[in-house]
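Enquirer: Below are the structure tokens for one structure; questions will follow.
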Amino acid sequence: MEDKIILASASPRRRELLSLITTDFEVITADVDETTDENETAENTVMMLSCKKAMAVSSLNKGRKVIGADTIVVCDGKILGKPASRENAKEMLRMLSGRTHQVLTGVTITDSEKTETFYVSSDVTFFVLTEEEISAYAESGEPDDKAGAYGIQGKGSLLVEKINGDYFNIVGLPVSMLNKKLNEF
């Protein structure tokens, strides 16, 4: 019998999304340095981060299939990570207000013998937000641990006018593409 897949992510959203593909997995996370090179493209950055996470867990679980993932929000070529403070969350939300931005999720699948890394990009357009809406959402605490200071699967959905692309990618794991890649792996 094949060992369970390992999800190298602490994200409860990714656990939930991976369970749409398989329930036969366990979660093992590694503490990796997520420092990035600001001169690197967003696409390369998100793939590098997913690879770092997968490889760190894979190195301790030889031969097991490991999935690592990382999600970033990009607006005007600037990567918006998790907000450092509520004020930082408000700044990000002001930047996204009334505009279209990209959400990229990098995914790495490895089994110690071979490794495949890819990314999926989705466009998200926000409504024009009032200062009151920005403040209320930032103060709700929901943006605290989310790239770009919002979660589309929660109250952040109320900020979104439209999306173009994979909804689950925006949540944190492009399940249809991941399923395809796992079947080919």
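Enquirer: Take segment 106-129 and flag every residue that is among the acidic types (Asp, Glu) and outside any strand (DSSP E or B).
Expert: Within segment 106-129, 111, 113 qualify.
Enquirer: Right, another one. Kindly provide the set of residues from segment 127-157 that are free of Cβ contacts under 8 Å to residues at least 12 places away in the same chain and more than 22 Å from residue 78 (Cβ to Cβ), ordered by number.
Expert: 130, 132, 136, 141, 157
Enquirer: Of everything in segment 174-184 that's surrounded by fewer than 16 Cβ atoms within 10 Å (Cβ to Cβ) and of a type outside the set (D, E, K, R), which residue is nearest to residue 150 (Cα to Cα)?
Expert: 176
Enquirer: Could you tell me which residue of segment 82-98 is modelled with the highest pLDDT, considering only residues that are crowded, with 17+ Cβ neighbours inside 10 Å and assigned to a loop (DSSP other than H, G, I, E, B)?
Expert: Checking each candidate, the answer is 83.
Enquirer: Output the number of residues of segment 159-173 satisfying the condition of being in a loop (DSSP other than H, G, I, E, B) and surrounded by fewer than 22 Cβ atoms within 10 Å (Cβ to Cβ). Reasoning before the result, please.
Expert: From segment 159-173, those in a loop (DSSP other than H, G, I, E, B) are 165-166, 172-173; that's our starting set.
Filter once more, so that each one left must be surrounded by fewer than 22 Cβ atoms within 10 Å (Cβ to Cβ): 165-166.
Qualifying residue count, segment 159-173: 2.
Enquirer: Keeping to segment 156-185, report how many residues are modelled with pLDDT under 95 and among the charged types (D, E, K, R).
Expert: Residues flagged as modelled with pLDDT under 95 and among the charged types (D, E, K, R) within segment 156-185 amount to 1.
Enquirer: When segment 121-136 is examined, which residues are found to be over 12 Å from the mean Cα position of the chain (by Cα) and either closer than 22 Å to residue 168 by Cβ or of a type outside the set (Ser, Thr, Tyr) (or both)?
Expert: Within segment 121-136, the first condition is being over 12 Å from the mean Cα position of the chain (by Cα), and the residues that meet it are 123-136.
Result: 123, 124, 125, 126, 127, 128, 129, 131, 132, 133, 134, 136.
Enquirer: Do the conditions hold for residue 160, that is, is it touching a Gly at 6+ places or on another chain (Cβ under 8 Å) and free of Cβ contacts under 8 Å to residues at least 40 places away in the same chain?
Expert: So residue 160 fails the test.
Enquirer: If I ask for residues that are buried (at least 20 other Cβ atoms within 10 Å of the Cβ) and either in a helix (DSSP H, G or I) or in contact with a Lys or Arg (Cβ under 7 Å, 6 or more places away or on another chain) (or both), which ones from segment 136-158 would you list?
Expert: If the condition is that a residue be buried (at least 20 other Cβ atoms within 10 Å of the Cβ) and either in a helix (DSSP H, G or I) or in contact with a Lys or Arg (Cβ under 7 Å, 6 or more places away or on another chain) (or both), then 137, 138, 143, 146, 147, 148, 149, 156 are the ones that fit.
Enquirer: Here is a follow-up. Checking residue 103 against (1) closer than 30 Å to residue 63 by Cβ; (2) assigned to a strand (DSSP E or B); (3) out of contact with any Cys (no Cβ under 8 Å at 6 or more places or on another chain); (4) not polar (S, T, N, Q), which test does it fail?
Expert: So residue 103 meets the others, but not (1).
Enquirer: Going by the conditions given, is residue 133 in a strand (DSSP E or B) and over 19 Å from residue 46 (Cβ atoms)? Give the derivation first.
Expert: Working: in a strand (DSSP E or B): no; over 19 Å from residue 46 (Cβ atoms): yes.
No; evaluated as a whole, the condition is false for this residue.
Enquirer: Right, here's the next one. Step by step: first the residues of segment 17-39, then only those that are outside any loop (DSSP other than H, G, I, E, B) and in contact with a Lys or Arg (Cβ under 8 Å, 6 or more places away or on another chain), then the one that is surrounded by the fewest Cβ atoms within 10 Å (Cβ to Cβ). Which residue is that?
Expert: 26
Enquirer: Which residue, of 56, 42, is over 17 Å from the mean Cα position of the chain (by Cα), of a type outside the set (Lys, Arg) and buried (at least 18 other Cβ atoms within 10 Å of the Cβ)?
Expert: Just one listed residue meets the conditions, 56.
Enquirer: Which one of these is assigned to a loop (DSSP other than H, G, I, E, B), in contact with a strand residue (DSSP E or B) (Cβ under 7 Å, 6 or more places away or on another chain) and surrounded by 15 or more Cβ atoms within 10 Å (Cβ to Cβ): 14, 64?
Expert: From the options 14, 64, the qualifying one is 64.
The values are calculated or read from the model by the stated rules, or taken from the named source; none is laboratory data. Just so we're clear, the structure is a prediction, and the values are computed from it rather than from any experiment. Positions of Cβ are backbone-derived with ideal geometry, glycine not excepted, and every protein chain shown enters the neighbour counts.
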